[in-house]
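The values are calculated or read from the model by the stated rules, or taken from the named source; none is laboratory data. Predicted model, so just to flag it, every value in this text is computed and none were measured. Because the Cβ atoms are built from the backbone with ideal geometry, glycine has one as well, and the counts that use them run over all protein chains shown. Note: areas computed on protein heavy atoms with side chains; ligands, DNA, RNA excluded. Shrake-Rupley method; radii C 1.70, N 1.55, O 1.52, S 1.80 Å.
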Amino acid sequence: LHSPYTLSLHDALPIFGEQIDVVRETFFGANAVHLKKADSYDVKIEDWANIIVFPGSDGERDIYEALDVVFDEQVVEIDNANATQFASINNLPPIVQIQIQRTAFDPATQQASKNQNRIVFDETIYLDRYMEDEKVLQRRRDAWVWKNRIRLLEARHKALQVTDVDVPVEDALHGTKDFLQWLGDEEVSDIVINPDLASTLEERANEISNEMEAISNEISSLKLKLQEQFTDLRQHRYRLQAVFIHRGTNAYGHYWIYIYDFAHDIWREYNDERVSVVEDRTRIFGQTGTGGATPYYLVYVRDEDKNDIVDAVCRDLHEETPAGPDEMVQLWNNGQVDHDEAIDMGDGAQHVENYEHFETKNSASSMDLSGMGAWDGMQSGFNGKK
């Protein structure tokens with residue numbers, strides 16, 4: 001790392017008396033949090049087990065926009081004075097977990113609710129743009145300037161577009177001009193109209209129209225620059241391995257998980273006792289929140305480590321089980337459960353709906369799906385190879 005202010009996670013942890021082990025090295029990352037006050041500049045290291053992001057309040061946002069909220073520069077109040085703060089990733093673990101915090105609390109109504117706005121995420125993400133690196137930081141600073149400019153432009157565009165009576169300013173000016181012309185044509189008594197007023201209103205309406213067009217063009221140009229600012233940074237590549245889904249409200253609901261099998265290029269859905277191959281991936285990546293079903297936890301694995309530290313949860317038949325389907329059906333009917341049904345998962349292995357009589361591919365990495373509703377189960381939905 002190029003910043004002179006940073007410490008590695010291995011340097012920071014002993015300060016707090018924490019033991020470095022395989023779990024921490026696999027799942028825990030660390031941020032360098034930069035805080036600039038009027039008379040000081042401080043950097044501190046904060047470790048994390050997951051990164052918490054938030055859906056947009058008034059529409060969808062992509063995964064980078066959600067992460068930007070965590071890492072971008074922002075103004076904070078400390079000791080009744082404003083300071084600027086931003087975070088960079090000081091240490092990246094092999095597995096990065098992203099929690100989508102959908103529960104919101106309204107202090108006015110004292111009510112909690114679930115934000116179902118969509119976060120668009122990809123099967124591959126690159127985290128280079130958030131790293132603690134001076135060259136990357138300069139790019140980020142440029143992006144922050146552009147974002148601030150976009151916010152100002154959008155606010156101005158909104159002010160010009162809608163008045164207090166929900167009428168665009170340009171339309172209001174045109175309407176006023178037409179009304180004044182009607183008054184003049186009707187020769188309404190007791191009303192004196194400046195003959196230049198109608199043309200002045202028309203001129204102002206045209207100015208506003210031109211300004212709004214210029215604003216829209218500048219916003220589009222700045223957003224394009226933002227999209228292209230980090231596209232060449234591809235050293236820290238992560239692949240999506242698991243997606244947790246919740247359907248329901250902030251108070252109750254149902255959980256299930258999708259896990260990607262890198263070896264066979266398939267996604268499987270694990271929903272209570274049922275396992276199925278996902279044929280249509282829009283079920284995972286096209287979630288719109290309809291019916292309250294929304295992704296809320298994403299697990300990404302470093303690309304070069306994906307074949308060594310993760311594996312999909314699946315079941316193989318015992319070696320002594322007859323290979324033919326007729327014999328399997330007879331075996332199940334004679335000694336087990338009549339309604340169990342073999343499922344061809346598309347990877348050359350036979351899997352069954354009822355797990356009770358079969359062993360895991362890696363018995364050391366088995367998972368109890370019945371505990372999906374508990375927080376402790378949320379972070380164990382993917383396997384770690386030893």
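Could you say whether any residue in segment 304-315 is open to solvent by 60 Å² or more (accessible area, probe 1.4 Å), modelled with pLDDT under 90 and of a type in the set (Val, Ile, Thr)?
Step one: filter segment 304-315 for residues open to solvent by 60 Å² or more (accessible area, probe 1.4 Å), giving 304, 307-308.
From the residues that got through so far, the ones that are modelled with pLDDT under 90 too are none.
So far as segment 304-315 goes, no, none of its residues is open to solvent by 60 Å² or more (accessible area, probe 1.4 Å), modelled with pLDDT under 90 and of a type in the set (Val, Ile, Thr).
Need pairs with beta-carbon distance below 9 Å; first residue over 24 Å from Ile150 (Cα atoms) and within segment 200-217, second open to solvent by 60 Å² or more (accessible area, probe 1.4 Å) and not small (Gly, Ala, Ser); sequence gap 6+ or separate chains.
Going by the 9 Å Cβ cut-off, the qualifying pairs are Thr200/Asn194; Leu201/Thr176.
Find the residue count for segment 146-166, including only residues that are at pLDDT 75 or above and closer than 23 Å to Asn210 by Cβ. Explain how you work it out, then say what you get.
Filtering segment 146-166 for residues at pLDDT 75 or above gives 146-161.
Going one step further and asking which of them are closer than 23 Å to Asn210 by Cβ, we end up with 146, 149-161.
Here the count works out to 14.
Results for (1) out of contact with any Lys or Arg (no Cβ under 6 Å at 6 or more places or on another chain); (2) at positive phi; (3) modelled with pLDDT of 80 or more; (4) of a type in the set (Asp, Glu), shown as yes or no for each residue.
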position	(1), (2), (3), (4)
Trp144	yes, no, yes, no
Pro168	yes, no, no, no
Glu187	yes, yes, no, yes
Asp196	yes, no, no, yes
Arg237	yes, no, yes, no
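If a residue has to be in contact with a Ser or Thr (Cβ under 7 Å, 6 or more places away or on another chain) and loosely packed, with under 15 Cβ neighbours inside 10 Å to count, how many in segment 52-73 make the cut?
Residues flagged as in contact with a Ser or Thr (Cβ under 7 Å, 6 or more places away or on another chain) and loosely packed, with under 15 Cβ neighbours inside 10 Å within segment 52-73 amount to 0.
Checking Phe86 against (1) touching a residue at least 12 places away in the same chain (Cβ under 8 Å); (2) assigned to a helix (DSSP H, G or I), which single condition isn't satisfied?
(2)
For segment 90-106, indicate whether the set of residues that are modelled with pLDDT under 95, assigned to a strand (DSSP E or B), open to solvent by 30 Å² or more (accessible area, probe 1.4 Å) and among the hydroxyl-bearing types (Ser, Thr, Tyr) is non-empty.
Looking through segment 90-106, at least one residue is modelled with pLDDT under 95, assigned to a strand (DSSP E or B), open to solvent by 30 Å² or more (accessible area, probe 1.4 Å) and among the hydroxyl-bearing types (Ser, Thr, Tyr).
Find all pairs meeting these conditions: Cβ atoms under 9 angstrom apart; at least six residues apart or on different chains; first residue within segment 95-112 and under 24 Å from Arg237 (Cα atoms); second residue of a type in the set (Asp, Glu).
Ile95/Asp305
Which ones in segment 243-259 are assigned to a strand (DSSP E or B) and either over 15 Å from the mean Cα position of the chain (by Cα) or under 12 Å from Thr124 (Cα atoms) (or both)? Outline the logic, then answer.
Our first condition is that a residue be assigned to a strand (DSSP E or B); within segment 243-259, this holds for 243-248, 253-259.
The answer is Arg247, Gly248, Gly253, His254, Tyr255, Trp256, Ile257, Tyr258, Ile259.
Which number in (1) touching a helix residue (DSSP H, G or I) at 6+ places or on another chain (Cβ under 8 Å); (2) open to solvent by less than 20 Å² (accessible area, probe 1.4 Å); (3) at pLDDT below 95 marks the one condition that Ile284 misses?
Only one criterion is unmet by Ile284, namely (1).
Going by the conditions given, is Thr294 touching a residue at least 40 places away in the same chain (Cβ under 8 Å) and of a type in the set (Ser, Thr, Tyr)?
Values: touching a residue at least 40 places away in the same chain (Cβ under 8 Å): yes; of a type in the set (Ser, Thr, Tyr): yes.
Yes.
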